[in-house]
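The values are calculated or read from the model by the stated rules, or taken from the named source; none is laboratory data. If you're wondering where the values come from, they're calculated on a predicted model, not measured in any experiment. With ideal geometry, Cβ positions are generated from the backbone for all residues, glycine too; neighbour counts draw on all protein chains shown. The accessibility values were calculated without ligands, DNA or RNA, using every heavy atom of the protein model including side chains. Shrake-Rupley method; radii C 1.70, N 1.55, O 1.52, S 1.80 Å.
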Amino acid sequence: MATTDMDLLRFATAGSVDDGKSTLIGRLLLDSKAIFEDQLEAVEATSVSKGYDYTDLALLTDGLRSEREQGITIDVAYRYFATPSRKFIIADTPGHVQYTRNMVTGASTADLGLVLVDARQGLTEQSRRHAVILSLLRVPHLVLAVNKMDLVDFDQEVFDKIHREFTQFATKLNVPDLEVIPISALQGDNVVNRSEHMPWYSGPTLMHHLEHVHVASDRDLIDARFPVQFVVRPKSDEFHDYRGYAGQVAGGILKPGDEIVVLPSGMTSKISKIDLFDKEITEAFPPMSVTVHLEDDVDVSRGDMIARVNNAPTPSQDIDAMVCWMTNTPLQPRQKLAIKHTTRTGRALVKDIAYRLDVNTLHRDQETKELGVNEIGRVTLRTTVPLLVDPYSKNRTTGSFILIDEATGVTVGAGMING
Amino acid sequence: MQGAAWHDARVTQTQSDYRLSQLDQLEAESIHIFREVAAEFEKPVLMFSGGKDSIVMLRLAEKAFYPAKIPFSILQVDTGLDFPEVMETRDRWVARLGVNLVVASIDDAIKNGIIPDAAKISRNRLQIPTLLNAIEENGFTAAFGGGRRDEEKARAKERVYSHRDEFGQWDPKNQRPELWSLYNGRLHEGEHMRIFPISNWTELDVWDYIGREGIEIPDIYFSHQRRVFERDGMLMSETPLNPLRDGEVVSERTVRFRTCGDITLTGCVESTASTIDEIIDEVAVARKTERGATRGDDRFSEAAMEDRKKEGYF
């Protein structure tokens with residue numbers, strides 16, 4: 001059971017303790033044997049000392065002292081488990097609106113988003129908000145797990161109503177793939193094992209879906225994008241003339257012989273070879289970290305992007321993006337910030353805030369001229385250096401950026417480029 | 001050699017379907033992190049314990065900059081209580097890669113009055129001021145660590161770029177958001193960043209990678225005969241550095257270590273696993289985490305790791 005040829009699925013969970021999120025994660029970890037005896041013992045001991053009459057699996061995921069004291073999830077926690085065919089990385093994010101930025105963080109790298117609703121409550125403002133955020137972050141696969149089916153007598157009517165309501169709501173979002181699954185995390189129905197209580201449900205169990213959802217085609221294998229990270233120059237006798245451009249492929253397939261353009265300079269050349277450590281390879285694709293060599297001695301440095309001659313991003317200093325604001329001081333027009341996009345950094349001036357998006361209702365509030373903490377809005381920026389951007393909907397790597405407060409050095413905003 | 005064979009098989013396989021195995025994805029992510037740090041920080045350093053995780057880090061750093069040498073030093077905190085086998089492996093890696101080794105010794109730190117000589121404080125605890133002093137003295141702005149999020153629940157919350165203030169402290173409630181693969185390395189004077197390139201690896205991934213790459217790790221990870229005694233439910237190595245207490249009896253057993261730490265705090269497990277494959281089989285069915293099973297330093301309280309991390313631990 002080597003992990004060397006396994007697949008990888010990163011998924012983000014959203015929901016509050018009340019929705020049974022911790023119970024569900026605890027069950028996935030327990031059933032896939034990713035929880036160890038000493039971890040379970042520690043949680044059991046704490047549960048007893050707190051006077052609970054059950055083992056509180058939330059204690060497994062709430063890692064910080066302050067979280068355990070308050071009984072809430074604040075920060076993103078990463079969890080790992082594997083089945084024989086796949087390794088899973090869970091970004092376990094808090095559900096409350098005041099932690100939206102943490103959910104955005106967890107969703108930024110996710111292939112799949114898992115939204116939990118309580119079957120008794122039906123869709124709530126919170127579950128709609130979670131779906132909106134996952135769709136804004138272009139998480140390609142969405143699962144709505146209708147939990148606590150045991151508390152509604154495994155009633156198909158209840159499930160169908162939530163299913164219908166959510167499917168209708170999802171038409172307003174960018175959700176390329178949606179699966180709605182009735183479960184009971186507490187009793188294990190349709191989590192790993194098929195439920196005997198819901199013969200009317202013919203779809204996959206949650207685990208089956210997580211194991212089989214097709215993620216390979218989510219990558220862009222057409223538009224070659226290679227942000228240069230680091231210039232490798234050994235300066236040794238053995239590799240005297242070696243000059244390679246190291247980076248991680250952000251899109252498309254690179255091959256020796258490809259005619260390329262270096263941005264923003266616009267110089268053209270051909271790829272002479274591609275190194276993967278001490279081997280030459282014939283193709284490089286996302287997310288490989290490789291070293292690219294060019295035939296000509298053109299000027300290439302960190303922050304430049306290598307793309308195909310007839311398929312390259314347009315360098316631009318005017319950026320139109322959806323921005324999630326992450327700090328207490330509001331974002332306002334005329335504000336100056338540092339910006340990091342792929343391997344390129346510069347400064348940005350906030351030109352305008354077109355609207356604030358109400359993530360509960362999708363209403364666009366054009367009256368507000370600032371973004372508060374955890375708010376998302378459409379923002380235009382002017383940058384000091386041209387950025388080599390693609391729409392976020394096309395490429396999550398070349399379409400995203402972060403904003404940094406120049407005084408504190410803190411990451412204060414996350415941007416997704418429109419287009 | 002087995003490692004090389006794996007390598008060949010991989011390149012051919014991935015090219016057919018443009019798919020990377022999870023281990024290759026983890027490797028690519030880690031290499032990306034090493035390169036970001038080398039490009040953006042003035043003076044990075046790799047914290048090296050000699051354990052399997054720090055050896056995997058050395059291998060990833062080697063790959064990230066090949067054929068150039070690793071463009072930063074490696075730093076080891078010498079507790080005076082390290083396993084001799086671990087030091088031998090360290091020296092061979094350093095010689096092969098031609099990297100600069102900086103040793104920060106706890107004994108020297110005590111001698112120079114940097115840290116108090118308090119017999120009651122464990123050497124593990126004294127690593128913190130020794131390390132922080134070495135970082136400050138050498139002006140290191142980023143220190144790579146081999147911490148993994150699957151190890152412990154405080155670590156599960158830690159960023160890849162983990163900010164430390166001018167006292168070297170971690171503020172878990174006030175961490176910078178970390179999105180996509182866009183890392184923020186901004187620092188003020190006197191602050192530094194801890195970097196965890198293998199955050200997303202599990203214990204099993206580390207073993208699979210060691211097996212695939214065919215790289216050297218200290219012998220003590222493999223099954224061997226050792227004179228041990230039982231303490232606090234753990235098997236400890238007989239050594240003059242760790243005097244026996246009343247009632248403790250030494251016997252020879254077939255054991256191996258799951259982690260490499262301070263010889264007085266690191267326990268071993270009974271095991272006959274003498275190859276990487278056998279270790280992988282053992283890890284796959286293990287029912288205790290490597291730290292819970294064999295690390296006295298993590299057992300003091302539920303928040304032992306969080307507290308040490310706040311002070312500036314790895």
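Values as computed for the structure displayed
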read-out: Amide hydrogen neighbours beyond the local backbone of residue A:354, cut-off 5 Å, H modeled; value: A:378, A:379, A:380
read-out: Chain A - percent of accessible surface contributed by carbon and sulfur, probe 1.4 Å; value: 46
read-out: Segment B:132-281 - percent of accessible surface contributed by carbon and sulfur, probe 1.4 Å; value: 45
read-out: Under 5 Å, built H, 5+ apart or other chain: amide partners of residue A:89; value: A:9, A:10, A:11
read-out: Members of segment A:259-290 that become less accessible by 40 Å² or more once partner protein chains are added (1.4 angstrom probe, chain alone as reference); value: A:276, A:277, A:279, A:283, A:285, A:287, A:289
read-out: Accessible area buried at the B-A interface, both sides summed, 1.4 Å probe (Å², nearest 100); value: 7200
read-out: Electrostatic dipole magnitude of segment B:17-109 [Cβ: Lys, Arg +1; Asp, Glu -1; Cα centre; debye, to 20]; value: 340
read-out: Difference of contour (0.36 nm per residue) and Cα-Cα distance, residue A:240 to residue A:96; value: 46.2 nm
read-out: Alpha carbon convex hull of segment A:7-218, projected area averaged over orientations, nm²; value: 11.4
read-out: Near-label residues of segment A:145-178 by backbone N, under 20 Å of a point 7 Å along Cα→Cβ of residue A:200; value: A:145-168
read-out: Sum of side-chain charges, residue A:205 neighbourhood, beta-carbon under 15 Å (Lys, Arg +1; Asp, Glu -1); value: -2
read-out: Cα-centre dipole for the protein assembly as shown with unit charges at Cβ (Lys and Arg positive, Asp and Glu negative), debye to 20; value: 1540
read-out: Which of B:284, A:103, B:77, positive extreme of dipole for the protein assembly as shown (C-beta unit charges); value: A:103
read-out: Summed residue charge, Cβ within 14 Å of residue A:351's Cβ, Lys/Arg positive, Asp/Glu negative; value: +2
read-out: Cβ-based net charge around residue A:259, under 12 Å, with every Lys or Arg adding one and every Asp or Glu removing one; value: 0
read-out: Interchain or long-range residues, amide H under 5 Å from residue B:100's placed H; value: B:74
read-out: Scattering curve values for chain A, log₁₀ I(q)/I(0), Debye with Cα scatterers, q = 0.08, 0.14 Å⁻¹; value: -0.51, -1.28
read-out: Residue mean of other protein chain beta carbons inside 10 Å, A:214-226; value: 1
read-out: Dipole of the protein assembly as shown [Lys/Arg +1, Asp/Glu -1 at C-beta], most positive-end residue of B:209, A:381, B:98; value: A:381
read-out: Calculated Rg and Dmax of segment A:163-303 using C-alpha coordinates, Å; value: 23.6, 72
read-out: Distance from segment A:110-146 to segment A:218-272 (C-alpha centre basis), Å; value: 38
read-out: Two-site FRET efficiency, residue B:17 against residue A:44, from Cβ-Cβ distance with R₀ of 35 Å, rounded to 0.05; value: 0.20
read-out: Contour excess over end-to-end distance, with Cα ends at residue A:193 and residue A:282 and 0.36 nm allotted per residue; value: 27.7 nm
read-out: Residue-span extension gain [residue A:222 to residue A:120] - 0.36 nm each, minus C-alpha spacing; value: 32.2 nm
read-out: FRET efficiency for residue A:347 and residue B:112, using Cβ-Cβ distance with R0 set to 35 Å, rounded to 0.05; value: 0.20
read-out: Rg/Rg_ref, the protein assembly as shown, where Rg_ref = 2.2 N^0.38 Å and atoms are Cα; value: 0.95
read-out: Projected label distance in nm at residue A:362 and residue B:238, using a 7 Å step from Cα toward the beta-carbon; value: 7.4
read-out: Positive dipole terminus of the protein assembly as shown, leading residue within B:109, A:360, A:418 (C-beta point charges); value: A:418
read-out: Radius, Kirkwood style, for segment A:273-385 when every pair of distinct Cα atoms is counted (Å); value: 17.2
read-out: Residue B:138-residue A:407 FRET efficiency (beta carbon distance; Förster radius 22 Å; 0.05 resolution); value: 0.20
